[in-house]
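The values are calculated or read from the model by the stated rules, or taken from the named source; none is laboratory data. Keep in mind that this is a model prediction, so the values were computed, not measured. Positions of Cβ are generated from backbone atoms using ideal geometry, with glycine treated the same way; all protein chains shown enter the neighbour counts. Calculation scope for accessible area: heavy atoms of the full protein, side chains included, ligands and nucleic acids excluded. Shrake-Rupley method; radii C 1.70, N 1.55, O 1.52, S 1.80 Å.
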Amino acid sequence: MSMVQAPLPATESGSTPASVAGGRSRRGFSLLTARPWLLLAPGLIILAVLMLWPLIQVFIFSLQDYGLREINTGENNWIGLQNYAEALTNPTLWTVVLPNTVGFAIVAVFATVAVGTLVALLLARLGSVWRVIVSSCIMVAWAMPAVTGTYVWTFIFDADRGIFNAVLKDLGLMDASVNWFTNQWSFYAIVLLNVVHHGFPFVAITVLAGLLGVSKEMLEAAALDGAGAWTRFWKIIFPTLKPVFSVVIILSTIWDFKVFAQVYLMPGGNGGNRSVLNLGVWSYVESFGQNRYGFGAALAVILTLVLIGITIVYIRSLMKEDEL
């Protein structure tokens, strides 16, 4: 004799307990999925208001012949992509601006990372007390505003009252003062000193944090096997800190590509000397010096696209580091 099992009683809405539990689990899952976005929402909204909307406005301006007349009348003079065509066909972009921007960024990144790494290796060899003292001292350069540092370096190389010219004349290496800001190469050499001086503390502290995690036993074993300092660095330290160096290099590249104050505040860097223009300064000069806000906006968009490309590389390097 077979027994027939009675069906489970339905709830007031006509659903079984299993379906109710499934609905609750789905609601819990959806809430769990949405929770990170809810937590990020305030920050994303602030970023959208402060960054995304201005970027959209800059792109809209880049599609117009936007000047003082358009500002006063409020009219729109749409010209499509003509500003971009003018920028990309302008000889100044390819012969002056891009070589200055890209060339300076490459040299500045190499110099900043090299100096920062050397300082980090020095800090790693110091005791804890002296390490804290020296780290605090070099962080003063990092904390110094770019405007202040630029004026300091401008004073050092000033043609009339500069310390550099005075020392060279006292040593008998030259008879008359030299204006180091008129020549393109000496101008960017001073900018390089300024940027490296301001940027190497970040590299030093970041690399130092990685150095403190390198196995001392492995370094001691390599030293016992006859490996010199140079070999130990390239065979042990550098491979171990490769993710750190990749992040430092990409961040330094982003910062050095969009360097502005260190160039603009130097004598002749505000457009008076056209041979020292970089992409950021050229955009500013065209916008606020020539009142060609549409053309300047197009240059700003081009610079933004370059920085976005570098940022994508940076994010991908971070993701690869997490996978490791």
Checklist entry - Within segment 103-118, how many residues turn out to be out of contact with any Pro (no Cβ under 8 Å at 6 or more places or on another chain) and either part of a loop (DSSP other than H, G, I, E, B) or under 17 Å from THR206 (Cα atoms) (or both)? => result 9
Next on the checklist: Give all pairs with beta carbons closer than 7 Å in which a residue from segment 96-114 that is among the β-branched types (Val, Ile, Thr) meets a residue that is surrounded by fewer than 16 Cβ atoms within 10 Å (Cβ to Cβ) and modelled with pLDDT under 95; count only pairs at least 6 apart in sequence or on separate chains.
Outcome noted: VAL96/ARG274; VAL96/SER275
Checklist outcome for this item: Flagged in segment 79-95 as among the β-branched types (Val, Ile, Thr) and in contact (Cβ under 8 Å) with a residue 40 or more places away in the chain, in numbering order, are ILE79, THR92
Checklist entry - Among all residue pairs at least 6 apart or on different chains, which show Cβ distances below 7 Å where the first residue, located in segment 60-78, is touching a residue at least 60 places away in the same chain (Cβ under 8 Å) and acidic (Asp, Glu) and the second is open to solvent by less than 60 Å² (accessible area, probe 1.4 Å) and assigned to a helix (DSSP H, G or I)? => result ASP65/GLY294
Checklist entry - If you scan segment 84-110, which residues turn out to be open to solvent by less than 50 Å² (accessible area, probe 1.4 Å), polar (S, T, N, Q) and more than 19 Å from ARG292 (Cβ to Cβ)? => result ASN100, THR101
Checklist outcome for this item: Selection over segment 267-283 where residues are in a helix (DSSP H, G or I) and surrounded by 20 or more Cβ atoms within 10 Å (Cβ to Cβ) yields a count of 6
Checklist entry - Do you know which residues across segment 55-71 are at pLDDT 85 or above and part of a helix (DSSP H, G or I)? => result LEU55, ILE56, GLN57, VAL58, PHE59, ILE60, PHE61, SER62
Next on the checklist: For the structure I just gave you, tell me whether GLY80 is surrounded by fewer than 18 Cβ atoms within 10 Å (Cβ to Cβ) and not in a helix (DSSP H, G or I).
Outcome noted: yes
Next on the checklist: I'm trying to understand the selection: among the residues of segment 208-264, which are open to solvent by 50 Å² or more (accessible area, probe 1.4 Å) and in contact with a Phe, Trp or Tyr (Cβ under 8 Å, 6 or more places away or on another chain)?
Outcome noted: PHE238, PHE260, TYR264
Checklist entry - What is the one condition in (1) in a loop (DSSP other than H, G, I, E, B); (2) under 24 Å from VAL259 (Cα atoms); (3) open to solvent by 80 Å² or more (accessible area, probe 1.4 Å) that VAL140 does not satisfy? => result (1)
Checklist entry - When you scan segment 179-197, how many residues do you find that are under 15 Å from ASN273 (Cβ atoms), open to solvent by 20 Å² or more (accessible area, probe 1.4 Å) and either of a type in the set (A, V, I, L, M, F, W, C) or part of a helix (DSSP H, G or I) (or both)? => result 6
Checklist entry - Looking at VAL263, VAL259, which one is of a type in the set (Val, Ile, Thr), over 28 Å from TRP78 (Cα atoms) and not in a helix (DSSP H, G or I)? => result VAL259
Checklist entry - Going by the conditions given, is ALA204 free of Cβ contacts under 8 Å to residues at least 40 places away in the same chain and either surrounded by fewer than 17 Cβ atoms within 10 Å (Cβ to Cβ) or assigned to a helix (DSSP H, G or I) (or both)? => result no
Checklist entry - Restricting the search to segment 52-65, which residues are open to solvent by 40 Å² or more (accessible area, probe 1.4 Å) and within 18 Å of SER287 (Cα to Cα)? => result PRO54, LEU55, ILE56, GLN57, VAL58, PHE59, ILE60, PHE61, ASP65
Checklist entry - Inside segment 143-162, can you point out the residues that are within 16 Å of MET266 (Cβ to Cβ), open to solvent by 40 Å² or more (accessible area, probe 1.4 Å) and assigned to a helix (DSSP H, G or I)? => result VAL147, THR148, TYR151, VAL152, TRP153, PHE155, ILE156
